[in-house]
Amino acid sequence: MKSKDISQFRPESLMMSHGYKPELSEGAIKCPIFQTSTFVFKNAQEGKAFFELAYGLREQQPNEELGLIYSRLNNPDLEILENRLCLWDGAEDCAVFESGMSAISTVLLEFLNPGDILLYSMPVYGGTDHFINHFLPRYGITAVGFSQQHDIDEVILNLKAEGRSDKIALIYIETPANPTNALIDISKCSQLAKSLSTPEKTVYTVVDNTYLGPIWQHPLKLGADIVVYSATKYIGGHSDVIAGAVLSNKECMSRIKTLRTFLGNMAGPWTGWLLLRSLETLKVRFEQQTKNAIEVAKMLDAHPLVEKVYYLGLLDDDDPTYPIYKKQCSGPGAMVSFLIKGKEKEAFAFLNHLQMIKLAVSLGSTESLAEHPHTMTHAGIDDEHKQEMGITENLIRLSIGVEFVGDIIRDITEALDNSQ
């Protein structure tokens, strides 16, 4: 095999070594932590060339690599990590951030300007919702939401009737949605964005792929322009790191990385090293978590104290979102939300009676977690808005881990029995 031919290997195999050259690190089998703030240039000409590329002062020449300058701009741990993340989504480039919210906010700040309209799906993660509806309006950016039930076509028609459709600059979707697993058609949103674009202005489609990615869904292959992750979740997978990631084509990533440089929200080398470690087991972890989640969802669906279960693996063929699921998802994931019979009192009683499953926010880690979105992750959203999105007092969100599934089910069943 030629040294640069990686096409015959799958991403889960390449996670062990892609982009790393042991000979540059004393033969170490794993990439070391490059805990350094700055890097030495061979000569002044090399320093000049590196900065020209870093600041976008000229085009990168064929086979020319951006050299190491300063860890706010680039670092070996992050560069290797970004190269490996690209393999899962088939992206041209990637940028890693110090948190999921820093990744999301950087993208929104780069591609939105005062006077623009942002179309966004509902619900989204509570922090994203707050940034969209409380921060962006301060800069003259209008957010218009749509849900799985509220067709985006209708929203656009209304904006056209108001003479404002030309202000649409970005379509931001989170699918499956946190915490309801609502599905939004990625390819349809992408097509709508292209129909709204003009030679003077491109309308971009951004997808938060945290719930299923990068294993069970690949938005870029479905027409999306940019994909964002809270890498804290499945990519990190061990509840010991906070990080975010953005992937896209080289043109978009050049803009995003330039803004990241000046906002200074790049992840550090220690975070990069932890994520490199986690990528090696991402697929096997997520596969086991998904297997466990399927069994948990089936149990909840049959339990007399459960009103409704939100899980992609339970979608019926006649569900209107089933075709979307089959088109864009290769697996149902490991996030299960359900409505317990009762209200906040019963939901809290359930959460307080869990033993093995921990009461904590976040998701995607090896351990199973449970939380109450109405009063926790989505607490900053007004009650009317929460009700509209289905985030009710009796909604509970579960992130299923890799424990023995029988123990997970027993813990949930006993907590349900003690909830009433």
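All of the numbers you see were taken from the coordinates with simple rules; none came from a lab. These numbers come from a predicted model, not from an experiment. Note that each Cβ is placed from the backbone with ideal geometry, even for glycine, and that neighbours are counted across all protein chains shown.
When a/c reaches 1.5 or more, the comparison of a/b and b/c decides; with that in mind, is the chain rounded, prolate or oblate per its Cα gyration tensor? It comes out oblate by the Cα gyration axes. Remark: the range 98-185 carries a charge dipole of roughly 240 debye about the Cα centre, counting +1 on each Lys and Arg Cβ and -1 on each Asp and Glu Cβ. Given in Å, the Rg to one decimal and the Dmax to the nearest whole number for the Cα atoms of the range 282-417 are 14.6, 40. Under the criterion of Cα pairs below 8 Å and six or more residues apart, the relative contact order for the chain equals 16 percent. Fully extending the segment from Ala349 to Thr198, taken as 0.36 nm per residue of separation minus the present Cα-Cα distance, adds 49.0 nm.
Think of the range 76-278 as having a plus end and a minus end, set by charges on the Cβ of Lys, Arg, Asp and Glu; of His218, Val206, Val155, Val206 sits farthest toward the positive end of this dipole.
Per the Debye formula on identical point scatterers at the alpha carbon atoms of the range 347-408, with no solvent, log10 I(q)/I(0) at q = 0.24, 0.29 Å⁻¹ is -0.97, -1.20. Spatial offset of the range 371-420 relative to the range 1-63 amounts to 43 Å, using the alpha carbon center of each. For the chain, the membrane-span-like helices by this rule, meaning whole DSSP H stretches whose C-alpha atoms cover at least 20 Å of axis and whose Kyte-Doolittle mean is -0.5 or above, are 76-89, 282-302; this says nothing about an actual membrane. Take the alpha-carbon centre of the range 92-144, take the same for the range 317-352, and report the distance between them in whole Å. So the separation of the two Cα centres works out to 25 Å.
Just want the answer: with Cβ charges of +1 for Lys and Arg and -1 for Asp and Glu, which residue in Val309, Ile33, Val405 is farthest toward the dipole's positive end in the chain? Of the listed residues, the answer is Ile33.
Which of Ile186, Phe262, Gly127 sits closest to the plus end of the dipole of the chain, meaning its Cα is farthest towards the positive end, when Lys and Arg get +1 and Asp and Glu get -1 on the C-beta? The Cα lying farthest towards the positive end belongs to Phe262.
Among Thr128, Thr261, Thr271, the ranking by other beta carbons within 10 Å of each residue's beta carbon, starting with the fewest, stands as Thr261, Thr128, Thr271. Using 0.36 nm per residue and subtracting the Cα-Cα separation, the extra length available between Phe404 and Thr38 on full extension is 127.2 nm.
Computed over the chain with a Gaussian network model linking Cα atoms closer than 10 Å, the most mobile of Glu388, Glu110, Glu367 is Glu388. Shape verdict for the range 139-295, please, from the Cα gyration tensor: rounded (a/c under 1.5), prolate (a/b greater than b/c) or oblate. Oblate shape, in that a/c is at least 1.5 and b/c is the bigger or equal ratio. Under the shape rule built on the C-alpha gyration tensor, where the axes satisfy a ≥ b ≥ c, the range 1-119 is oblate, since a/c reaches at least 1.5 while a/b does not exceed b/c.
Charge tally for Thr210 (other residues, Cβ to Cβ under 11 Å; Lys, Arg +1; Asp, Glu -1): -1. Here each label is just a point 7 Å from Cα along the line to Cβ, and for Lys341 and Glu287 those points are 3.9 nm apart.
In the chain, helices alone account for a calculated mean residue ellipticity at 222 nm of -10500 deg cm²/dmol, with every DSSP H run of four or more residues adding -39,500 (n - 2.57).
Around the Cα centre of the range 76-278, unit charges on the Cβ atoms of Lys, Arg, Asp and Glu (plus for the first two, minus for the last two) sum to a dipole of about 120 debye. The mean sequence separation of alpha-carbon pairs under 8 Å and at least six residues apart, normalised by the residue count of the range 282-417, gives a relative contact order of 30 percent.
When only the Cβ of Lys, Arg, Asp and Glu is charged (+1, +1, -1, -1), the dipole of the chain relative to its Cα centre reaches about 900 debye.
Look at the alpha carbon pairs under 8 Å that are at least 6 residues apart: their mean separation over the length of the range 76-278 gives a relative contact order of 30 percent.
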